[in-house]
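Notes follow once the structure below has been shown.
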Amino acid sequence: MFDKAKDSKKTYLVARLVGIGWFVQFLNAGGAFGGYFLDRAVGSSPGFTIAGVLLGLAISGWGMYRMLMATLKD
């Protein structure tokens, strides 16, 4: 009827992918907000905001790649 091992593996995969999505979202938002607040503190234009977004994208891309490779290995 139901294959518990197969359902468990699907649930694990979905949980890992959702976790990767949250990881990417938090890093991108954190970079944007951190850059925005640095811009306000220093009184500059969008320089730190752009740098924060790019840094968040770079770190989240690297982390997402590593997490996906670990997930696909399982």
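The values are calculated or read from the model by the stated rules, or taken from the named source; none is laboratory data. Computed from a prediction, not measured in an experiment: that's the story for all the values here. Cβ: placed from backbone, ideal geometry, glycine included. Neighbour counts: every protein chain shown.
Rundown of residues vs (1) in a helix (DSSP H, G or I); (2) at pLDDT 90 or above; (3) among the aliphatic types (A, V, I, L, M), yes/no style:
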| residue | (1), (2), (3) |
| --- | --- |
| ALA5 | yes, no, yes |
| GLY35 | yes, yes, no |
| ASP39 | yes, yes, no |
| SER45 | no, no, no |
| THR49 | yes, yes, no |
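The condition of being more than 27 Å from LYS6 (Cα to Cα) and aromatic (Phe, Trp, Tyr) holds for only one of PHE23, PHE48, that being PHE48.
Looking only at residues in the stretch 17-71 that are touching a residue at least 12 places away in the same chain (Cβ under 8 Å) and of a type in the set (Phe, Trp, Tyr), the one that is surrounded by the most Cβ atoms within 10 Å (Cβ to Cβ) is PHE48.
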